[in-house]
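A quick write-up on the structure given underneath.
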Amino acid sequence: MKVDSLLPRIDIDSRNQFRALPYDERTNTYSSKFNEEYLFNMNLKGRKRKNNIFNAPYSKFIIPATLITYGVASQFDKSDDYEIHDEVTKSGIGAWTIDDYSQFAPAVAVYGLDLMGIKAKHNFRDRTIVMATSHIIMGGIVQTMKSSINVVRPDGSNYKSFPSGHTATAFVGAHILFKEYKDTSPWIGVAGYAIATGTGLLRVTNKKHWLSDVSAGAGIGILSAELGYLLLPVIHKAFGIGERSKSSSLVIAPTIGLNNYGLGMAYTF
């Protein structure tokens, strides 16, 4: 058998469309005899891939929806929250304030890795737009839920427990980190999620949040990041980014403090 027989021949049919003709080992030739069956099988495989639930457009929202649903449902039955709180109390774990800073670590890595030469999927401008948009969405959802649901914190300090803002912030950065560098190495995203998860667990051990608060916060963070990416082309179109002259530019940068969120914007005509 010839070496080139291992490769399918590309042919053009009457409609000027490319198609592959399989090799017929019985006649040592490329034959269109099996072409119809071959294309049918390939199309069938393609349809199976498209019909896979994990390839559906909405599949990216399954995990955050599950986390948020668990968090909301737990407000009607807080047995898991109370049980874990009791275990934390019995263990005598002390307070670790590192969660006030670790929540920002994944977002910092989104820019830091690119500066170190590990190229992100999007350029600095688009990453900043996604980051700012995601934090605005996340902040709006978290603050609205905190002020309307009024769940008391485990330490009894106030009624702003549900959901966890620290966890939501951490998972916004972690999910953007994953999406920007997953083609380079999936372990970068894993590290980001690990830091975000650790931040959420510290909120529980520090008795600032219940487990349901952390679960909902993680879901809101991931959801907000996904919405940030979905809105990126909308923002491009709204501000004419990529269509105007090079003299016009848009820069959006989030400002994040320990107890507040902000947004800075500069647009040059």
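Mind counting the residues in the stretch 90-112 that are within 24 Å of P64 (Cβ to Cβ) and either open to solvent by less than 10 Å² (accessible area, probe 1.4 Å) or among the aliphatic types (A, V, I, L, M) (or both)?
Residues meeting the conditions: 8.
Exactly one of (1) in a helix (DSSP H, G or I); (2) open to solvent by 30 Å² or more (accessible area, probe 1.4 Å) is unmet by E226. Its number?
The single condition E226 does not satisfy is (2).
Among the listed residues T199, T169, which satisfies the condition of being under 28 Å from D77 (Cβ atoms) and touching a strand residue (DSSP E or B) at 6+ places or on another chain (Cβ under 9 Å)?
Going through T199, T169 in turn, the sole match is T169.
State yes or no: is K45 out of contact with any Cys (no Cβ under 6 Å at 6 or more places or on another chain), at pLDDT below 95, farther than 27 Å from G228 by Cβ and assigned by the TED database to the domain that holds T167?
no
For the stretch 74-110, give me each residue that is modelled with pLDDT under 90, among the β-branched types (V, I, T) and outside any helix (DSSP H, G or I).
Listed by number, the residues that qualify are I93, T97.
Mind checking which residues of the stretch 111-124 are assigned to a helix (DSSP H, G or I) and within 25 Å of F239 (Cα to Cα)?
Within the stretch 111-124, Y111, F124 qualify.
Determine which member of the set R127, R153 is in a loop (DSSP other than H, G, I, E, B) and surrounded by 14 or more Cβ atoms within 10 Å (Cβ to Cβ).
The unique qualifying residue is R153.
Please count how many residues of the stretch 166-189 are open to solvent by 10 Å² or more (accessible area, probe 1.4 Å) and of a type outside the set (D, E).
Looking only at that region, the number is 11.
Condition test on L232, is it outside any loop (DSSP other than H, G, I, E, B) and either modelled with pLDDT of 95 or more or assigned by the TED database to the domain that holds T97 (or both)?
Answer is yes for this residue.
List, please: which pairs have Cβ atoms under 9 Å, are six or more places apart or on different chains, and start with a residue in the stretch 107-127 that is among the hydrophobic types (A, V, I, L, M, F, W, C) and end with one that is part of a loop (DSSP other than H, G, I, E, B)?
V110/A120; L113/K119; L113/A120; L113/T184; I118/T184; I118/S185; A120/T184
Do we find a residue being small (G, A, S), modelled with pLDDT of 95 or more, in a helix (DSSP H, G or I) and open to solvent by 30 Å² or more (accessible area, probe 1.4 Å) anywhere in the stretch 205-214?
no
The values are calculated or read from the model by the stated rules, or taken from the named source; none is laboratory data. Remember, it's a predicted structure, so these values are computed and weren't measured experimentally. Methodologically, a virtual Cβ is constructed for each residue, glycine included, from the backbone with ideal geometry; neighbour enumeration extends over all protein chains shown. Ligands, DNA and RNA are stripped out before the accessible areas are found, and what is left, the full protein with its side chains, is counted by its heavy atoms. Shrake-Rupley method; radii C 1.70, N 1.55, O 1.52, S 1.80 Å.
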